[in-house]
Structures are given as structure tokens and as C-alpha cells.
Amino acid sequence: MKSKAAALRCTVLKGTVLKAAVVMALCTWAGMATSQTATRPWNDTALSPDARAKLLLAQLTQDEKFQLIRSYYAGPDRPPNVPFPKGAIASAGYVPPIDRLGIPALEESDAGLGVASSDRMRPGDHATPLPAGPVTAATWDPQVAYRGGAMIGSEAHSKGFNVLLAGGVNLTREPRNGRNFEYAGEDPLLAGTIVGEAIKGIQDQHVISTIKHYALNDQETARNTISAQIGEQAMRESDLLAFELAIEIGKPGSVMCSYNKINSDWACENDYLMNQVLKRDWKYPGFVMSDWGGVHSAAKSVNAGLDQESAGEVFDKEVYFDAPLRTALAKGEVKQARIDDMVQRILRSMFAVGVFQYPAGKAPIDPQVNLKVARETLESGAVLLRNENALLPLDLNKLQSIAVIGAHADKGVLAGGGSSLVTAMGGNAVPGIAPTAWPGPVMYHPYAPLKALRDAAPKANVQFAEGNDVAAAAALAAKSEVAVVFVQKWQAESVDTADLSLPDNQDALVDAVAKANPHTVVVLENSGPVAMPWLDQVGAVLETWYPGGDGGKAIANLLSGKVNPSGRLPVSWPSDLSQLPRKDLPGVSGGTPPESVDYAIEGANVGYRWYQSKGIKPLFPFGYGLSYTQFKHGDLKVDAKGTQLRATVDVTNTGSRAGADVAQVYVRVPGAKSARLAGYAKVFLKPGEHRTLSIPLEPKLLADFDAGKHGWVIRGGQYSVAEGRSSDDLGKPVNVQLPAGTL
């Protein structure tokens, strides 16, 4: 608060009807604020974050500066000689406070799906788990992303955390990547806008959010050693564009550099990524922190733009940002101005987000309100992939018998593994499944679909079969009116899968149930695309990824039609591995780890752009999704003002149910072999309702990055713009003539 404003507000308050005690308390606080601002001018909120950081930086000793540029490990499984940092919350990382100047500690928690916790770290603690990242992306709704971010940011703040290691935006180049469930799909515009809004939601709760993993950490196999090989133009138009858009929208306080190399240079000592692109081209004012174990040098990494080493005493070969960096400074290999810049950036982010003004600390959390956010995220992002003969929605008021089969649906819903794992209230519904150690434990959040379906269909006989006994499951299906089969595939940080198949004989289970009952519905709990050899045999398929908090109820609402599915795929779904840029994933099942991965094969044509450029028809295209109602899209109109394009289209709900549709606008630039998503809008419509959507197109999707000119260039000429329901289902294109220019 401004010092003058505090005194003025106190004077005004004394003339109100507030109780004397309240006025006294507020005036006392105002007086303290005035006093603190006088003695600590960096607390003056009238100043910019940069100015406040500069004032505080000037008061720091050299040792205090070095204290801020490294964090300590505050998680489990520390080596015996590494003590737990005093004052830290058991979590991820910790930067101690500097009390004499009023600098609060940085308490860091994983991750982007909720406040990560486990019984190993904080026994008895729990948090609300969001559904997997692709669910939020599949909503195609930035407001849903913002609400999810605000929810987990609020919980983090109320648990005492002021840094959340969230904001995963790595593109899905590799559908076998074990960490895809933390991310937001294959398209830079969709991923960038969705993740940017989630970051904004977190930081509006006065919690610093990272964005990660910068960059091209698109597989987990050999992630600590592999080099991602790719050209500058392709990198800027794909993975880096997703980061750029998310940073523009969310303004994250920190960027986390990744484990891997990019073009043979470690990400956390990569001058091109950190200095040239992030800090020069994007003018990013925050700080870059390393991933845990991502630092390999002192002088090189600091000069390349790394600002903070994470938990080096446990994960790096040595704590580079202590004695080695002091030595490099003494030798002149690093300038003092660079050390000051590192600290300035850290303090600047703390001021910008409100870490000083709104200190994190224990506060009440309303779990039911937060569960509703998680549930509504899944209800908005679940994708109906198949629905033959309108099998769904199920009429639960008329059905007499339902078979629920597989995937521990009587206990809960599956979650992904690794550092993002959240312990929900009630703990692990199915404990003891291997692996129980890292990247486990395998976790089932205790929101059972079986119970939710029984609650939703009180007149029906709803019975459960685990599915291990295929014959018994088929027998139950045969005597039931409808069979709902849950299938699952657990994936986790640190490990990829060798193929897209479902484990544990689940294909045979679905095949047997479908033969026993023609009214078979399959519900998927998975990280991404899976092989479905039984697809044509089942009546309906609902993709829920990892369903998250209150997932069972959300699934019941979707199956019953209480909620109309409106998710659209944020990833293309290949028919088989031969359709991918790289059929094989070397090292995934052991053997010699690969030294590099060639992303130049597809370059910027990630996902649907790859399929289009090669004339390949995937099983399900990017943007695909069905509904329980029908929509009609009118003719597309495109207005151009210079290089600024705006698309307009009428969308009408021609069916009998309320629902939501997504208008997707794609642009094909002159000479391109594939189209690019350049704009989108989701609209909710009642039966018979129509709305005119006006969709601005992202200028960078109309441009190419010119490495020689070091910027975005509109080539000029005839641009084809089309709108539709997916990347493969577009209406008549509109041709627009654009002049050449630069952005």
C-alpha cells in the first residue's frame, strides 16, 4: 500500500460506521505499512516490480545474493549427509528467507495438476487433483484453464507455498512420452493459450508459476543426456512458439530449463534459448531456474542465462552456484553485474506476483468448491470418440441392469506418476501396485465410477467385475442391458512406453465383453493415444485421460447425458506406429540410450501438420470430438486489416440438447504442405440457438520465422483460411490476399 494512501484511508475510516476496534486494527496496519515503507522503500507498491527489486538489491550483501540464486532440496529420499533445510515445507525446493530485509522464503511445490504431495513427504496431507493436462487442453476453453490454475494456486498459497512448478507446455511430438499427461497437446496455439491462462490463474493467487520444460523435452527416454536436433526456424514455429504465447499470456515468474540438450548444448547452459530467445527477443523479465539435476557448469550456465540452481546439493554433481561460481567471479569469468541481474530477476518476480504483499500461509480450504472445479474440467474436456446408434447417453431412469468392468472402477480413477502426483483426500484407493517407488506409487484417486453410476441409477442393478477373469466379465456383460468397460494405461515421468498398446490383456477383455453385449461402452483412462483393435466392435468410446478430482461423478454425468461431452482432441490419434515420424523409440526398453533424437524429420509440422504434409489419415484427427447434439456451421467470412485477420462464422445448435461446439480456424500459408490452427472459440448453445463468433487469428501463425532476418515474416500472397470441426473436417476455404511484411 502507498504510505500516503494508507494514512488517508485511516482518516476516512474514522468517519464511517465501522466498529472502533475494526478501525483501530486497520489504522494500526496502515501505520505499520507507512512505517515499513519509510524504512524499506521496496515495500512501496506504487513502484514497479523492477524499481522495487532494484532498491532491495542495493541492500543485499554478496552472501545474501548467493543465498537467493540456489534452492535446497526439500523432498524425500535425501542422501544421509544432506540435512532437511530448516524452515522448509516438505515438498520440492526451498530458498531460505533473509529476515533482516523482510525477504520471505521461497517454498516450492510440484506441480501443474495440483499441490503435489505424498505420504512420504507430508503424511496425512492432501490436495485437489486436477484431471490430466490434455483434459484441460481438450476443453478448448481458456476460462476453464484459468479456473483450474486459480484453484491449485489458491490451495498452494493456503498450504504455505509461494512457488508452483507448473506450466508444462512441451508439445506432443512423441505420443509414447510418459509425461504427456502433464502437457497440453501438439499444437502451439492451443497449448500456448491454455497453459498461459492456467499460469495466469496460479499467479493471480500470489504464487509464482514456472513454465516448463524449456525446451524440447518431448520424451523421457534418456532425458538427462539426449540432444534434440532441430533447425532454428522449425523450433521457433513449434515448441518455442508454444512457450512464447504462454509467456505472453501468463507472464510466469520463472522459466524452468530442461534436462536435455538442444543441438548438442545443454538446455540449462544454452545461450541461444535463454539469452537470445527468452531474454532478448521475448524481453522476458523473470528468472530461469534449472530442473532438478539440470546444471552442468557454473560460468557457462550463468553467462548463458541461468539464474537459479535447483537443489544442486542432491541432484547436480556439485553445487555450481556456490564455490565454483564464486571462483569464476573472482577470475573474471563471470561479471558481478550478471550476479546482480540474476538476483534482480528473482526479486522482480516475487514483487510482480505479490509474494511480499500477500504472504503464503496456512488458511482454510473448501475441498468441495475445489472438487467442483476439477469435476467441471473433466466434464468440459472429456472427448466422445465414438457413439454408434446413439448408444450414449444412457437413460439411467429406464435401465434395469448395468455391468461395470475393469480398471478398479469400484475403487477410484487412475492418475499419472512422477513429481506431479497429487494425494487426494482419502489417499490411494488401490495401494500396493508396482512400482511403489519412483516414479510411483501407482495412484488411484478415491472417486469411484461404480459408486457414481449407482448413485445416478438407483433403480438399476449395477454390478462390477474387475476384468482379470475375462470369461466372468463377459458373462456379467451378457446378462446386463449395458456394459461399461474401463480400460487404463499408467504412464509416468522418467519412462516412456514402447508402443501404444493397452497392457494386461485389456484388448481381449474389451473384445470378449463386446461380443457378449452389443451395447458396450469403453471409458479410457490414459495419458494419450492408445491402440484400439476392438474399436469397430464397441458402441461408444469416451476418452477421459486421467480423470482427477471427483472423476467418478464426472464420468457418470457424461455417460448419463447430465453433461453433454464437448471436448475436442488436443492430439492426433495415429492408427499405428508406422504413421509417426519415428516408428521406433530407441532405448525405451533398455539397451544403449540414444545420444540424440532427430526432430528435423517433422520440423515444425508436429502432429496434425505432419499427417497433412505426408497425406496420412490418422485414426482420429486433431480437434475431433462428438456430441449428443448436432451443430451447423455457416459460411466463413474473413476480414483483413493489413496482416490482421479476423474470422467470423455462425454456429447453430440444430439438435435437441444443449451443448458446446468449437469453431476451429486453420490457415494455409503460401507454399505450405499443411494448415495451421490460427484461432478458435468455444460456444455453448441451447437447442435451436445460434451465435455469431468473431475469432481473431494469431499473426505469428500467418508468418514464418526467418532465421536470417531473425524475425517473423509475412511472405505475402494468397492465404487460404478454413473453419470447421477438426483439422480434417473443414468447410469451404476463403482466400485472402496479404501483403508482405514483418511482425
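The values are calculated or read from the model by the stated rules, or taken from the named source; none is laboratory data. These figures come from a predicted structure and were not determined experimentally. So basically every Cβ, Gly included, is an ideal-geometry build from the backbone, and we count neighbours across all protein chains shown. Each accessible area value is taken on the protein alone, full model and side chains, heavy atoms only, with ligands, DNA and RNA left out. Shrake-Rupley method; radii C 1.70, N 1.55, O 1.52, S 1.80 Å.
Quick one: what pairs do we get from region 529-549, first residue touching a residue at least 40 places away in the same chain (Cβ under 8 Å) and open to solvent by 10 Å² or more (accessible area, probe 1.4 Å), second charged (D, E, K, R) and not in a loop (DSSP other than H, G, I, E, B), C-beta under 7 Å, 6+ apart or different chains?
535/386
Give the residue that is nearest to residue 302 (Cα to Cα), with candidates limited to residues of region 253-279 that are in a strand (DSSP E or B) and open to solvent by less than 10 Å² (accessible area, probe 1.4 Å).
This residue is 257.
All but one of (1) assigned to a loop (DSSP other than H, G, I, E, B); (2) out of contact with any Ser or Thr (no Cβ under 9 Å at 6 or more places or on another chain); (3) crowded, with 19+ Cβ neighbours inside 10 Å hold for residue 562; state the number of the condition that does not hold.
For residue 562, the exception is condition (3).
Determine whether region 152-166 contains at least one residue that is outside any loop (DSSP other than H, G, I, E, B), acidic (Asp, Glu), under 22 Å from residue 291 (Cα atoms) and touching a residue at least 60 places away in the same chain (Cβ under 8 Å). Explain how you work it out, then say what you get.
First, the residues of region 152-166 that are outside any loop (DSSP other than H, G, I, E, B): 152-159, 163-165.
Next, from what is left, pick out any that are acidic (Asp, Glu): 155.
Among the residues that remain, those that are also under 22 Å from residue 291 (Cα atoms) are: none.
The answer is no; no qualifying residue exists.
What are the residues in region 362-372 that are part of a loop (DSSP other than H, G, I, E, B) and under 25 Å from the mean Cα position of the chain (by Cα), if any?
Answer for region 362-372, where residues must be part of a loop (DSSP other than H, G, I, E, B) and under 25 Å from the mean Cα position of the chain (by Cα): 365, 366.
Conditions tested, residue by residue: (1) touching a residue at least 60 places away in the same chain (Cβ under 8 Å); (2) in a strand (DSSP E or B).
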position: 646; (1), (2): no, yes
position: 652; (1), (2): no, yes
position: 655; (1), (2): no, no
position: 682; (1), (2): yes, yes
position: 724; (1), (2): yes, yes
position: 735; (1), (2): no, yes
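Among the numbered conditions (1) of a type in the set (Asp, Glu); (2) in contact with a Ser or Thr (Cβ under 9 Å, 6 or more places away or on another chain); (3) more than 28 Å from residue 173 (Cα to Cα), tell me where residue 635 comes up short.
(2)
Residue check: is residue 323 over 27 Å from residue 251 (Cβ atoms) and more than 30 Å from the chain's Cα centre (by Cα)?
Taking the combined requirement at face value, the residue satisfies it.
Determine whether residue 276 is more than 25 Å from residue 348 (Cα to Cα) and polar (S, T, N, Q).
When the stated conditions are applied, residue 276 does not pass them.
With the requirement that a residue be surrounded by 16 or more Cβ atoms within 10 Å (Cβ to Cβ) and touching a His at 6+ places or on another chain (Cβ under 9 Å), what does region 686-743 give you?
Residues satisfying the conditions are 723, 724, 725.
Of everything in region 129-151 that's open to solvent by less than 10 Å² (accessible area, probe 1.4 Å) and part of a loop (DSSP other than H, G, I, E, B), which residue is nearest to residue 96 (Cα to Cα)?
Only one residue tops the list, namely 129.
Keeping to region 332-361, report how many residues are assigned to a loop (DSSP other than H, G, I, E, B) and open to solvent by 50 Å² or more (accessible area, probe 1.4 Å).
Looking only at that region, the number is 5.
Contact list please: Cβ distance under 9 Å, first residue in region 65-76 and under 17 Å from residue 89 (Cα atoms) and open to solvent by less than 20 Å² (accessible area, probe 1.4 Å), second residue acidic (Asp, Glu) and not in a loop (DSSP other than H, G, I, E, B), pairs at least six apart or on different chains.
As it stands, the answer is 71/108; 71/309; 74/107; 74/108; 75/110, since those pairs meet every condition given.
Taking region 462-518 as the region of interest, how many residues are open to solvent by less than 50 Å² (accessible area, probe 1.4 Å), among the polar types (S, T, N, Q) and closer than 20 Å to residue 552 by Cβ?
3
Tell me, which residue of region 571-628 that is aliphatic (A, V, I, L, M) and touching a Leu at 6+ places or on another chain (Cβ under 7 Å) is farthest from residue 139 (Cα to Cα)?
That would be 577.
Which pairs have Cβ atoms under 6 Å, sit 6 or more apart or on different chains, and link a residue in region 569-595 that is closer than 30 Å to residue 379 by Cβ to one that is open to solvent by 40 Å² or more (accessible area, probe 1.4 Å) and not polar (S, T, N, Q)?
Filtered contacts from region 569-595: 569/624; 573/619; 575/619.
In region 79-109, what count of residues is obtained for those that are among the acidic types (Asp, Glu) and either surrounded by 24 or more Cβ atoms within 10 Å (Cβ to Cβ) or touching a Phe, Trp or Tyr at 6+ places or on another chain (Cβ under 7 Å) (or both)?
Total meeting the criteria: 2.
Sort through 329, 325 and tell me the only one that's over 24 Å from residue 419 (Cβ atoms) and open to solvent by less than 20 Å² (accessible area, probe 1.4 Å).
Among 329, 325, only 325 is over 24 Å from residue 419 (Cβ atoms) and open to solvent by less than 20 Å² (accessible area, probe 1.4 Å).
Residues are listed down the side, and each one gets a yes or a no for (1) touching a helix residue (DSSP H, G or I) at 6+ places or on another chain (Cβ under 8 Å); (2) of a type in the set (Asp, Glu); (3) modelled with pLDDT of 95 or more; (4) open to solvent by 20 Å² or more (accessible area, probe 1.4 Å):
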{"position": "207", "(1), (2), (3), (4)": "yes, no, yes, no"}
{"position": "211", "(1), (2), (3), (4)": "yes, no, yes, no"}
{"position": "214", "(1), (2), (3), (4)": "yes, no, yes, no"}
{"position": "225", "(1), (2), (3), (4)": "no, no, yes, yes"}
{"position": "229", "(1), (2), (3), (4)": "no, no, yes, yes"}
{"position": "235", "(1), (2), (3), (4)": "no, no, yes, no"}
{"position": "238", "(1), (2), (3), (4)": "yes, no, yes, no"}
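Filter region 50-64 down to residues that are open to solvent by less than 20 Å² (accessible area, probe 1.4 Å) and in a loop (DSSP other than H, G, I, E, B), then give me how many there are.
Matching residues across region 50-64 total 1.
Report, by residue number, each residue of region 565-585 that is surrounded by 19 or more Cβ atoms within 10 Å (Cβ to Cβ) and either hydrophobic (A, V, I, L, M, F, W, C) or in a strand (DSSP E or B) (or both).
Across region 565-585, the qualifying residues are 569, 571, 573, 580, 585.
Which one is nearest to residue 184 (Cα to Cα), of the residues in region 95-110 that are in a loop (DSSP other than H, G, I, E, B) and out of contact with any helix residue (DSSP H, G or I) (no Cβ under 7 Å at 6 or more places or on another chain)?
105
So, of the residues in region 373-386 that are open to solvent by less than 20 Å² (accessible area, probe 1.4 Å) and of a type in the set (Val, Ile, Thr), which turns out to be nearest to the chain's Cα centre (by Cα)?
377
Mind listing whichever residues of region 387-437 are assigned to a strand (DSSP E or B) and either closer than 30 Å to residue 220 by Cβ or under 26 Å from the mean Cα position of the chain (by Cα) (or both)?
Listed by number, the residues that qualify are 413, 414, 417.
Tell me, which residue of region 280-322 that is small (Gly, Ala, Ser) and over 30 Å from residue 710 (Cα atoms) is surrounded by the fewest Cβ atoms within 10 Å (Cβ to Cβ)?
Within region 280-322, the match that is surrounded by the fewest Cβ atoms within 10 Å (Cβ to Cβ) is 293.
If you go through region 586-614, how many residues are open to solvent by 20 Å² or more (accessible area, probe 1.4 Å) and either acidic (Asp, Glu) or in a helix (DSSP H, G or I) (or both)?
Of the residues in that region, 6 qualify.
Report whether or not residue 124 is over 27 Å from the mean Cα position of the chain (by Cα) and open to solvent by 30 Å² or more (accessible area, probe 1.4 Å).
no
For region 648-685, which residues satisfy the criterion of being small (Gly, Ala, Ser), in contact with a Pro (Cβ under 8 Å, 6 or more places away or on another chain) and buried (at least 23 other Cβ atoms within 10 Å of the Cβ)?
The answer is 679, and nothing else.
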